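S.K.: My questions will all concern the structure given below.
The values are calculated or read from the model by the stated rules, or taken from the named source; none is laboratory data. What you are looking at is a predicted structure, and each value in this text was computed from that prediction instead of being measured. Cβ placement follows ideal geometry from the backbone for every residue including glycine, while neighbour counts extend to all protein chains displayed. What goes into the accessible areas is simple: the full protein's heavy atoms, side chains included, and nothing from ligands, DNA or RNA. Shrake-Rupley method; radii C 1.70, N 1.55, O 1.52, S 1.80 Å.
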Amino acid sequence: ATSTHSIAKLDIRLPIIHSFSLDSFSTRFFLLPFTAKLPRTFFIMFCCASIPTSEVGMVQRFGRHVRIINEGLNFVNCFCGEAVAGRLSLRLVQLDVSCGTKTKDNVFVEMRVSVQYQVLPAKVYDAFYRLANPEQQMRAYIFDVVRSSVPSMPLDDVFEVKEEIAVQIKMQLAKSMEEFGFEIVQALVTDIEPDEKVKRSMNEINAAQRNRMAAQDKAEADKILVVKAAEADAESKYLSGVGIARQRKAIVEGLRDSVVTFAENVEGTSAKDVMDLVLVTQYFDTLKDLGASSRASTVFIPHGPGAVGDITREVRQGFMEGRAAHGKM
């Protein structure tokens, strides 16, 4: 399409002839011929460069840097030797680096470091022209920090001080890359991976330690159970003894009352006769309990008319010996 504007004696036509792009920079150029009907006709042509958001373009004239163009539509006088030499992103970029090294205890580990950086808007010229490969430069500094700090500490300490290693990397990179126009936003040690055999050994050591702790805890628990069981058994036996003592005391008191009452109510009887009667009663009660028990076995005991008298004499003899021994004490 052709548009014609008449301003005073000027007759300017602006037809779009064609457009093309530079493959290496993906920048669209439009050739716009200007024809002006003046006393003397002259022909002017220029190009348009489109820069994406968060990027800047570096314009050169016959290989020499002349200016920096920002995002959006920009005019470049390509027929006077101007061209967009390249574009530079101002976005935050992450560089992932994997570095192998050895610890103080001769364990080889693979450390993964992530560095986040961006170009300083005030130093775009330095970032574009002073370093041919900034990422390669950063890798070299990362390798230097990791391989100078990790070999001086054992493997267990490496896991504990990885934050300190990340701080050292950030400080070294910030100090070295700032003069080239790069800002180091953050440096992180994302992973520390020792050799597979070392990892298995560490897991086995950890498992053995945990098994030992579990065995100690179990033994302590068993000890507590045994102690508590012994305490409970002692308490049970104590209470059982108290109960038996009270039972015997009650029996004695009952026998005493029975003897006194029987002797008072039945004339011509003595305490000995009452005790014989009580012993005979208990003797037959014992025989009854032995025969009625479900777990009773065959028991051979002397039984006859004189058996009760023998038992009485033995009981009396026991009381007399006990009393004599108590008197001697």
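S.K.: So which of LEU188, LEU155 is modelled with pLDDT under 90 and open to solvent by less than 80 Å² (accessible area, probe 1.4 Å)?
M.R.: Of LEU188, LEU155, the one residue that is modelled with pLDDT under 90 and open to solvent by less than 80 Å² (accessible area, probe 1.4 Å) is LEU155.
Quick grid of which residues meet (1) at pLDDT 85 or above; (2) surrounded by 13 or more Cβ atoms within 10 Å (Cβ to Cβ); (3) of a type in the set (A, V, I, L, M, F, W, C):
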| site | (1), (2), (3) |
| --- | --- |
| ASP11 | no, yes, no |
| ARG28 | no, yes, no |
| GLY57 | yes, yes, no |
| LEU73 | yes, no, yes |
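S.K.: Name the one entry in GLY81, GLY63 that is open to solvent by less than 30 Å² (accessible area, probe 1.4 Å), at pLDDT below 90 and either in contact with a strand residue (DSSP E or B) (Cβ under 8 Å, 6 or more places away or on another chain) or not aliphatic (A, V, I, L, M) (or both).
M.R.: GLY81
S.K.: Does any residue of region 198-219 turn out to be touching a residue at least 12 places away in the same chain (Cβ under 8 Å), outside any helix (DSSP H, G or I) and of a type outside the set (Ser, Thr, Tyr)?
M.R.: no
S.K.: Which of the numbered conditions does ALA208 fail, given that it passes all the others? Conditions: (1) open to solvent by 60 Å² or more (accessible area, probe 1.4 Å); (2) modelled with pLDDT of 80 or more.
M.R.: (1)
S.K.: Moving on to the next point. Considering only residues of region 98-116 that are open to solvent by 10 Å² or more (accessible area, probe 1.4 Å) and outside any strand (DSSP E or B), which is modelled with the highest pLDDT?
M.R.: LYS104
S.K.: For PHE159, which of the numbered conditions (1) under 19 Å from ASP195 (Cβ atoms); (2) part of a strand (DSSP E or B) fails to hold?
M.R.: (2)
S.K.: For residues in region 126-136 being buried (at least 16 other Cβ atoms within 10 Å of the Cβ) and without any contact (Cβ under 8 Å) to a residue 60 or more places away in the chain, which is farthest from VAL97 (Cα to Cα)?
M.R.: Here the residue is ASP126.
Residue-by-condition table, conditions (1) over 19 Å from the mean Cα position of the chain (by Cα); (2) over 19 Å from SER98 (Cβ atoms):
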site: ARG147; (1), (2): yes, no
site: PRO154; (1), (2): yes, yes
site: VAL158; (1), (2): no, no
site: LYS170; (1), (2): yes, no
site: ALA174; (1), (2): yes, yes
site: MET177; (1), (2): yes, yes
site: PHE182; (1), (2): yes, yes
site: GLN186; (1), (2): yes, no
site: GLU193; (1), (2): no, no
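S.K.: In addition: Going by the structure shown, is LEU131 modelled with pLDDT of 90 or more and either of a type in the set (A, V, I, L, M, F, W, C) or farther than 23 Å from VAL161 by Cβ (or both)?
M.R.: Answer is no for this residue.
S.K.: Looking at GLU55, GLU71, GLU82, GLU135, which is the one that is closer than 20 Å to LEU188 by Cβ and of a type in the set (Asp, Glu)?
M.R.: Of GLU55, GLU71, GLU82, GLU135, the one residue that is closer than 20 Å to LEU188 by Cβ and of a type in the set (Asp, Glu) is GLU135.
S.K.: Which of (1) part of a helix (DSSP H, G or I); (2) open to solvent by 70 Å² or more (accessible area, probe 1.4 Å) is the odd one out, the single condition GLU183 does not satisfy?
M.R.: Just one mismatch for GLU183, condition (1).
S.K.: Can you pull out every residue in region 84-97 that is closer than 19 Å to ILE142 by Cβ and open to solvent by less than 10 Å² (accessible area, probe 1.4 Å)?
M.R.: LEU95, VAL97 - these are the residues of region 84-97 that are closer than 19 Å to ILE142 by Cβ and open to solvent by less than 10 Å² (accessible area, probe 1.4 Å).
S.K.: Continuing with this model, one more query. Could you check region 142-152 and list, in sequence order, the residues that are surrounded by 19 or more Cβ atoms within 10 Å (Cβ to Cβ) and within 19 Å of GLN94 (Cβ to Cβ)?
M.R.: ILE142, VAL145, VAL146
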